[in-house]
Amino acid sequence: MRLFGLPWLFLLWLNPNESLQQNEVTCSHPQALYLDYWGDSGQQQRLGDTVSYTCGSDYRSTDGAPWATCTRDGWKPNPLCQGIMRCSLTPPRLSDGRTKTWARNMYRHNEKVEYVCDRDYGMEGGPFKTCVDGDWVGEMRCRRELHFPFVAHKVFKYVLSKQTYQHNDKVEYICQRYYVMEGGPFKTCIDGEWTGEITCLRK
């Protein structure tokens, strides 16, 4: 047995590189239709080598990294790309508002839809909802806008007034000379109503 093994040992000693090459791990160019770019120019890669790649339309890297690694089990991650879910439903309706453009029946991942509020309504949050992995993401609300609050008393003055007011906007009042304020000094627009009691009393 000892003599029988000597020729094989002699051959391995003469061709060590050939023996190592037979056990070398390599990874070939992946045949994947969903790949948009693969950076090895068709060459085989060795164990531990990395190759940059990008996924095609409607796909993304499985682990989020822009490169793949050659392992004993092939390319990692496996699979290299995964499909991105679309939003197959029209964007959600917005009470007292609407989408700025005509809504479609299908939207791709990360597509945005812009909303606007109806006349006399102001937007809180928004104005976009985004298609993310098949779901619509984004919060907004249309609240009724108010005109400047009428106060039936000649002794009031106000500061920083404007034509219309949105939810949580405030109007500040001051009393005229020789009057002192009771309550106030603000009225606040809350859900389409003015809140806050203000009275000016003569000194």
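The values are calculated or read from the model by the stated rules, or taken from the named source; none is laboratory data. Keep in mind that this is a model prediction, so the values were computed, not measured. Quick reminder, even Gly has a Cβ in these numbers, built from the backbone with ideal geometry, and neighbours come from all protein chains shown.
Within the range 93-132, can you find the residues that are among the polar types (S, T, N, Q) and buried (at least 17 other Cβ atoms within 10 Å of the Cβ)? First the steps, then the outcome.
Going through the range 93-132, the residues among the polar types (S, T, N, Q) turn out to be 95, 99, 101, 105, 110, 130.
THR99 - this is the single residue of the range 93-132 that is among the polar types (S, T, N, Q) and buried (at least 17 other Cβ atoms within 10 Å of the Cβ).
Which of the residues belonging to the range 145-159 are surrounded by fewer than 17 Cβ atoms within 10 Å (Cβ to Cβ) and either of a type in the set (D, E, K, R) or modelled with pLDDT of 75 or more (or both)?
Selection gives LYS154, LYS157.
Please specify each residue of the range 47-64 satisfying the condition of being in contact with a Pro (Cβ under 8 Å, 6 or more places away or on another chain) and either closer than 22 Å to THR26 by Cβ or part of a loop (DSSP other than H, G, I, E, B) (or both).
The first filter runs over the range 47-64 and keeps only residues in contact with a Pro (Cβ under 8 Å, 6 or more places away or on another chain), leaving 52-54, 61-63.
Correct list: SER52, TYR53, THR62, ASP63.
Is it the case that the range 104-116 has a residue that's closer than 30 Å to LYS162 by Cβ and assigned to a loop (DSSP other than H, G, I, E, B)?
No; the residues of the range 104-116 include none that is closer than 30 Å to LYS162 by Cβ and assigned to a loop (DSSP other than H, G, I, E, B).
I need the full set of residues from the range 160-201 which are at pLDDT 80 or above and on the phi > 0 side of the Ramachandran plot, in order please.
Correct list: ASN168, TYR178, GLY183, GLY196.
Can we say TRP8 is at pLDDT 90 or above and out of contact with any Lys or Arg (no Cβ under 9 Å at 6 or more places or on another chain)?
Working: at pLDDT 90 or above: no; out of contact with any Lys or Arg (no Cβ under 9 Å at 6 or more places or on another chain): yes.
For TRP8, the condition - at pLDDT 90 or above and out of contact with any Lys or Arg (no Cβ under 9 Å at 6 or more places or on another chain) - is not met.
Only one of ASP73, ASP36 is within 27 Å of TYR107 (Cα to Cα), of a type in the set (D, E, K, R), out of contact with any helix residue (DSSP H, G or I) (no Cβ under 6 Å at 6 or more places or on another chain) and exposed (fewer than 15 other Cβ atoms within 10 Å of the Cβ); which? Let's see the steps before the verdict.
On the way: ASP73 fails: within 27 Å of TYR107 (Cα to Cα).
Unique residue meeting the criteria: ASP36.
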